[in-house]
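This report refers to the structure that appears directly beneath it.
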Amino acid sequence: MILRLVLGDQLNAGHSWWREQRDDVLYVMMEIRSETDYAHHHAQKVLALFACMRGFAAAIEAAGHQVRYFRIGDADNGQSFAANLRQVAHSVGATRFERMEADEWRVEQALDAAAAECGLAQTVVGSEHFLVDRSELKTAFAHAVPRMEYFYRDLRQRFGILLANGGEPEGGKWNYDVDNRAKWPGSPAAPAWRWPAHDLSDLWHEIVAAGVVTMGDANEGQVRWPLTRREARAGLAQFVREALPHFGRYQDALTSRSLALFHSLLSFSLNVKMLHPLEVIRAALGAYRRGAVSLESTEGFIRQILGWREFVRGVYWARMPGYGQENALRAVRPLPGWYWSGNTGMACLAHAIGQSLKHAYAHHIQRLMVTGNFALLAGCDPDEVDAWYLGIYVDAFEWVEMPNTRGMSQFADGGVVGSKPYCGAASYISKQGDYCKGCAYDPKRRHGERACPFNSLYWHFHDRHRALLSGNPRLKMPYQLWEKLGAEERHATLQQAEVYLADLDAL
Ligand code: FAD
Ligand code: SF4
């Protein structure tokens, strides 16, 4: 007998494993405490994952495959890969163990150890999900990490995506980012959330009874994420129809009037592999070819999946395990307590964090330019920032979370993911959206009463990292502006930042 393991983020219905039914193969799936407890996960993330896994197990069983499924509360659940594999191997007399590549370093290590511990001969196959193989990534990222833009252009050419004759980019440009930066005026209306609430209250009781500790709003087990491939595909179709036409233009917008604006909400379905990246890209291309979507929106969206998603995975596998300890800016401050409550007077943070706690979702600009931006400017410890992002979002798996958080957002890798820190003062947040209206702080003030903390912290950040950052040609402008402010203004701004930094919890 051969045991084949299917992890919660390997729900790929297109995998070649499912093409043949074999009497000598037993598929093993497990809900285990070692996976619920390695991070402090959002309740809806645990609920959605377990519900998807249960649905997937039922579907493969109905298709004629043999399945051994461990539920979180089962009395015989050993709560770790090794304990459950040993038990199943013993009960069916298995000597061989096959698994797909795990996407996370931690899980790869745990599974290698489990196979060895159980005395099982192990074979590892690909997950048949990503567009670039891990072995190829190793070579491409071995000496130096390429810039995302060039990595993305290569993939456009390799897969023949948005190319005109002769391999040139369609429309003459590779990148339409500059056309994709508008503030959302409130119309066109943002589409409704894609999925109805699923009643997972029984599952929630099982999770709680098993002692799993979560964060965020469990919403009494009512979860509005797709739980099957069919639902994920319906969400993709709705996105292409209703949101993609406006995705590009408003992709950097911030607002308190919509949770997702014109973003796709597809990261969870992609990361658990219910959707394949190429099918998502093809759906967008199809709408473009029909004339339903502009080139700017189509390119802007495809860049996220073909470019960023594959790229950050390359960074992760090239730099792990050391990546998880990188802290180029030597940031050590604890993350303020209000990251777990949303209870702050800063309207932008209160909204982005509040929404994340409630729905386990925030779109990219909320993650990067609101919550991430603040943690970066305040010098918060990247370990704490990483742990927060890994727990709170429904789509958070370390291979994609860590390069985005530690790399793109916190610059803890010293410039591997981004060539400069992604940060901004209140002028950025105010230009991109409506958060500043009605905020307790004044976005125009650097210091003094009600001065927006983003302003003084922005300059304090540049001032304290002058030795590392001032030589970066992309930061010439902020350093010139800082000098132009004059000694008195600089002093008052730094003083204000010191006051805020002394008690971040009070903000
Ligand atoms: P859309 O804006 O509609 O984008 C479409 C798809 O492109 C996404 O579903 C996603 O699969 C992909 N994508 C977009 N941006 C990125 C990116 N920077 N890296 C990788 N893929 C991308 N994404 C995760 O999937 N998991 C995470 O744990 C995660 N953590 C993040 C942490 C920080 C600090 C930041 C700044 C970004 C993080 N991202 C993460 C990337 C991005 O914010 C999310 O993928 C996106 O917000 C998910 O929402 P959406 O599906 O509506 O995305
Ligand atoms: Fe955020 Fe400052 Fe604007 Fe308030 S004033 S919403 S804290 S950027």
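For region 343-360, which residues satisfy the criterion of being more than 25 Å from residue 451 (Cα to Cα) and either open to solvent by less than 10 Å² (accessible area, probe 1.4 Å) or within 13 Å of ligand 2 (Cβ to nearest atom) (or both)?
If the condition is that a residue be more than 25 Å from residue 451 (Cα to Cα) and either open to solvent by less than 10 Å² (accessible area, probe 1.4 Å) or within 13 Å of ligand 2 (Cβ to nearest atom) (or both), then 356, 360 are the ones that fit.
Among (1) buried (at least 20 other Cβ atoms within 10 Å of the Cβ); (2) assigned to a loop (DSSP other than H, G, I, E, B), there is one condition residue 13 misses while meeting the rest; what is its number?
For residue 13, the failing item is (1).
Taking region 370-382, which residues are open to solvent by 10 Å² or more (accessible area, probe 1.4 Å) and either within 16 Å of ligand 2 (Cβ to nearest atom) or closer than 21 Å to residue 35 by Cβ (or both)?
Within region 370-382, no residue meets the criteria.
Out of all the residues in region 144-183, which are open to solvent by 40 Å² or more (accessible area, probe 1.4 Å), assigned to a loop (DSSP other than H, G, I, E, B) and aromatic (Phe, Trp, Tyr)?
174
Could you please tell me which pairs satisfy a Cβ distance under 7 Å, a separation of 6+ or placement on different chains, a first residue in region 358-382 that is part of a loop (DSSP other than H, G, I, E, B), and a second residue that is open to solvent by 10 Å² or more (accessible area, probe 1.4 Å) and basic (Lys, Arg)?
Filtered contacts from region 358-382: 379/333; 381/333.
In region 446-489, which residue that is assigned to a loop (DSSP other than H, G, I, E, B) and more than 16 Å from ligand 2 (Cβ to nearest atom) is most open to solvent (accessible area, probe 1.4 Å)? Outline the logic, then answer.
First, the residues of region 446-489 that are assigned to a loop (DSSP other than H, G, I, E, B): 446-450, 452, 465, 470-472, 485-486.
With the extra rule that they be more than 16 Å from ligand 2 (Cβ to nearest atom), the set shrinks to 465, 470-472, 485-486.
Numbers: 465: 26, 470: 51, 471: 69, 472: 32, 485: 49, 486: 24 Å².
The extreme case among them is 471.
Which is within 23 Å of the chain's Cα centre (by Cα) and either within 22 Å of residue 11 (Cβ to Cβ) or surrounded by fewer than 16 Cβ atoms within 10 Å (Cβ to Cβ) (or both), of 99, 106? Talk me through it step by step, then tell me what you get.
On the way: 99 fails: within 23 Å of the chain's Cα centre (by Cα).
Exactly one residue qualifies, and that residue is 106.
Only residues that are open to solvent by less than 20 Å² (accessible area, probe 1.4 Å), in contact (Cβ under 8 Å) with a residue 24 or more places away in the chain and part of a helix (DSSP H, G or I): list them for region 383-399, please.
385, 386, 388, 390, 391, 392, 399
Looking at 284, 237 in this structure, which one is without any contact (Cβ under 8 Å) to a residue 60 or more places away in the chain, buried (at least 24 other Cβ atoms within 10 Å of the Cβ) and not assigned by TED's automatic domain parsing to the domain that holds residue 47?
That would be 284, the only listed residue that is without any contact (Cβ under 8 Å) to a residue 60 or more places away in the chain, buried (at least 24 other Cβ atoms within 10 Å of the Cβ) and not assigned by TED's automatic domain parsing to the domain that holds residue 47.
Scan region 222-249 residue by residue and report those that are of a type in the set (Lys, Arg) and touching a Phe, Trp or Tyr at 6+ places or on another chain (Cβ under 9 Å).
224, 229, 249
What are the pairs with Cβ atoms under 9 angstrom where one residue, in region 419-441, is at pLDDT 95 or above and the other, located anywhere, is surrounded by fewer than 16 Cβ atoms within 10 Å (Cβ to Cβ) and in a strand (DSSP E or B)? Sequence gap at least six, or different chains.
Close Cβ pairs (under 9 Å, with a partner that is surrounded by fewer than 16 Cβ atoms within 10 Å (Cβ to Cβ) and in a strand (DSSP E or B)) amount to 426/442; 436/442.
Among 257, 224, which is the only one that is open to solvent by 20 Å² or more (accessible area, probe 1.4 Å) and under 25 Å from residue 72 (Cα atoms)?
224
Matching residues to (1) under 24 Å from residue 48 (Cβ atoms); (2) within 13 Å of ligand 1 (Cβ to nearest atom):
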site	(1), (2)
232	yes, yes
242	yes, yes
248	no, yes
260	yes, yes
267	yes, yes
285	no, no
296	no, no
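The values are calculated or read from the model by the stated rules, or taken from the named source; none is laboratory data. This one's a predicted model, so the numbers in the text were calculated from it and none came from an experiment. FYI the Cβ positions are ideal-geometry reconstructions off the backbone, even for glycines, and counts take in every protein chain you see. Side chains included, ligands, DNA and RNA excluded: accessible areas come from the protein's heavy atoms. Shrake-Rupley method; radii C 1.70, N 1.55, O 1.52, S 1.80 Å.
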